[in-house]
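Student: Got a structure here, written out as structure tokens. Questions coming.
The values are calculated or read from the model by the stated rules, or taken from the named source; none is laboratory data. This is a predicted model, so every value here is computed, not measured. Note that we place each Cβ from the backbone using ideal geometry, even for glycine, and neighbour counts take in every protein chain shown. Side chains included, ligands, DNA and RNA excluded: accessible areas come from the protein's heavy atoms. Shrake-Rupley method; radii C 1.70, N 1.55, O 1.52, S 1.80 Å.
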Amino acid sequence: MKMGSASAGLVSIFSNGYRSLGAPVSSWRTLASSSLYKHYKRNSKGAVLSCLSSSKIELACLSSKVDVAQTTTSSVNGYHKYDRLLPCPSENGPPRVEHLVVSEGGPVLEYICKSLDLPPLFVADLIHFGAVYYALVCPQPPPSATPEQIRIFKEVTAPSVLSKRTSIKGKTVREAQKTFRITHVEQFVEAGTYLRVHVHPKRFPRCYEIDWKSRVIAVADSYVVLDKPAGTSVGGTSDNIEESCATFASRALGFSTPLKTTHQIDNCTEGWYCILLMLHCLCVVLARTKEYCSIFHGKIREKKVKKLYLALTAAPVPIGIITHYMRPINVAPRLISEDFIKGWYLCKLEVMECKEVPWPDPVIQQKYCIEDFEWPSKDRAYECKINLLTGRTHQVRAQLAACGAPIVGDSMYMPAAIAEMANPGLSPFGKYKKYTTESDKEMAVTKWFARFGKEPKVAIGLQACQISWDDGEHFYEARSPWWRSGMA
């Protein structure tokens, strides 16, 4: 259906459940050859093209699933009827990210409600969660955009159109295409403004189950040390800054000024968290001021912050330094090689201890949604103390799996480790690689990539157990890891 200049909308070809801070997608886990597009005309003022990934096409980006909002059972335009974001659903649902170009200026909440047929309270919740972004000028569409999408982009970014917009005078097009969060429901958006709405923000139900005061390790004038629970985000995601450790810890401590993140870690990690997002437990340092946030960032850059990890592996790991090389592509799973490959990142960790321990009992496995993927021997596991010598995303998980000792509960890397054990040489980057030509290698890499699973739901056997800085002047330890509470 043809869309006029007064009623313009744009869709990106991605429906991402994972996020990149700023851009909707930083990389692809699987490239789809086609997508299913639906065009909905909302009202006379605006229209939107919505992209849904086909059920047969995997478009999992960045890290995992996106979440469903609180819904009722009735359906509108193929989606459940929307109500409010709270109470928090127990499961995340399929992604829905909408891309709009404002056709007539006005309050952002009103425009989104009309364009996407969403109730005002639900849109207000999305804005409160940080799930709505804007840019003064529509970003460049991806290479696989349709001719109609490209036509719309050219129409709303034509020099003759942009020259009439006083809001972008003095800015380059790239500067005007930078995205920012919408922070208020009454924020005015002028005609031509680009909007990105994460209708199904990623949710963190564990935030509502935790006694946050009991997770506080230390409170200082300039920082707070928190024992981060598995299954939570430290500072939030690109589509949800509400359900985070920083927000809930601030409330638990009665702070009027929210705590600020000083580092990042996987969501499935527990304990200390210093450089990414959620799967494990860890000790995290949250700054109470912007000044200390900058100071701590500097300590990290200068390598003055030391972290030790505990990993529960399914097989023993040799003591000493382990070296691999990681493919420089920002997409999970991270592929690593035992051999040096030009341009790949050096990954080094030191295994300081490795002791045999019981495999976690079924009750604990169920509580933390631990999957074993039919690992051949579950009589014993191995607890390893690790000093991370280089800091790469998923480094510990990827390196241990490559050694044939995946982390217990790591549903992404364990399936590939099991496949390599059953068929040595399946990995094109291991000891027994079988390919002989570059074309064979490309095919081998594709097949190997498909052997990895999805991100864990809650926790894995990995804990950032100690953190210290300033030569040990500041030293903190996390509580016992989850697996010690349920050893068989």
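Student: Somewhere in region 310-328, is a residue aromatic (Phe, Trp, Tyr), touching a helix residue (DSSP H, G or I) at 6+ places or on another chain (Cβ under 8 Å) and either closer than 22 Å to Ile407 by Cα or assigned by the TED database to the domain that holds Val357 (or both)?
Tutor: Within region 310-328, the subset aromatic (Phe, Trp, Tyr) is 325.
Retained after the next criterion (residues that are touching a helix residue (DSSP H, G or I) at 6+ places or on another chain (Cβ under 8 Å)): none.
No, region 310-328 contains no residue that is aromatic (Phe, Trp, Tyr), touching a helix residue (DSSP H, G or I) at 6+ places or on another chain (Cβ under 8 Å) and either closer than 22 Å to Ile407 by Cα or assigned by the TED database to the domain that holds Val357 (or both).
Student: List every residue pair whose Cβ atoms sit under 6 Å apart, with the two residues 6 or more apart in sequence or on different chains, where the first one lies in region 325-349 and is buried (at least 19 other Cβ atoms within 10 Å of the Cβ) and the second, anywhere, is in a strand (DSSP E or B) and polar (S, T, N, Q).
Tutor: Pairs that qualify, where the first residue is buried (at least 19 other Cβ atoms within 10 Å of the Cβ) and the partner is in a strand (DSSP E or B) and polar (S, T, N, Q), are Tyr325/Ser337.
Student: Quick one: which helices (runs of 4 or more DSSP H) lie wholly within region 147-201 and hold at least 1 residues that are open to solvent by less than 70 Å² (accessible area, probe 1.4 Å) and at pLDDT below 90? Outline the logic, then answer.
Tutor: Values: elements: 147-156, 159-162, 173-176.
Passing ranges, in order: 147-156.
Student: Determine whether Ile386 is closer than 24 Å to Leu346 by Cα, in contact with a Lys or Arg (Cβ under 6 Å, 6 or more places away or on another chain) and not charged (D, E, K, R). Walk me through it before giving the result.
Tutor: Numbers: closer than 24 Å to Leu346 by Cα: yes; in contact with a Lys or Arg (Cβ under 6 Å, 6 or more places away or on another chain): no; not charged (D, E, K, R): yes.
For Ile386, the condition - closer than 24 Å to Leu346 by Cα, in contact with a Lys or Arg (Cβ under 6 Å, 6 or more places away or on another chain) and not charged (D, E, K, R) - is not met.
Student: For Tyr111, state whether it is modelled with pLDDT of 90 or more, open to solvent by 10 Å² or more (accessible area, probe 1.4 Å) and in a strand (DSSP E or B). Steps first, please.
Tutor: Working: modelled with pLDDT of 90 or more: yes; open to solvent by 10 Å² or more (accessible area, probe 1.4 Å): yes; in a strand (DSSP E or B): no.
No, not satisfied.
For every residue, the table says whether it meets (1) free of Cβ contacts under 8 Å to residues at least 60 places away in the same chain; (2) among the hydroxyl-bearing types (Ser, Thr, Tyr); (3) touching a Lys or Arg at 6+ places or on another chain (Cβ under 9 Å); (4) open to solvent by 10 Å² or more (accessible area, probe 1.4 Å).
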{"site": "Pro94", "(1), (2), (3), (4)": "no, no, yes, yes"}
{"site": "Leu121", "(1), (2), (3), (4)": "yes, no, yes, yes"}
{"site": "Val132", "(1), (2), (3), (4)": "no, no, yes, no"}
{"site": "Val137", "(1), (2), (3), (4)": "yes, no, yes, no"}
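Student: To continue, here is another question. For region 76-107: of the residues being polar (S, T, N, Q) and farther than 21 Å from Phe204 by Cα, which is nearest to the chain's Cα centre (by Cα)?
Tutor: Looking at residues that are polar (S, T, N, Q) and farther than 21 Å from Phe204 by Cα, I get Asn77.
Student: Something else now. Modelled with pLDDT of 95 or more and over 21 Å from Pro376 (Cα atoms): does that describe Val445? It would help to see each step written out before you state the result.
Tutor: Numbers: modelled with pLDDT of 95 or more: no; over 21 Å from Pro376 (Cα atoms): yes.
No; evaluated as a whole, the condition is false for this residue.
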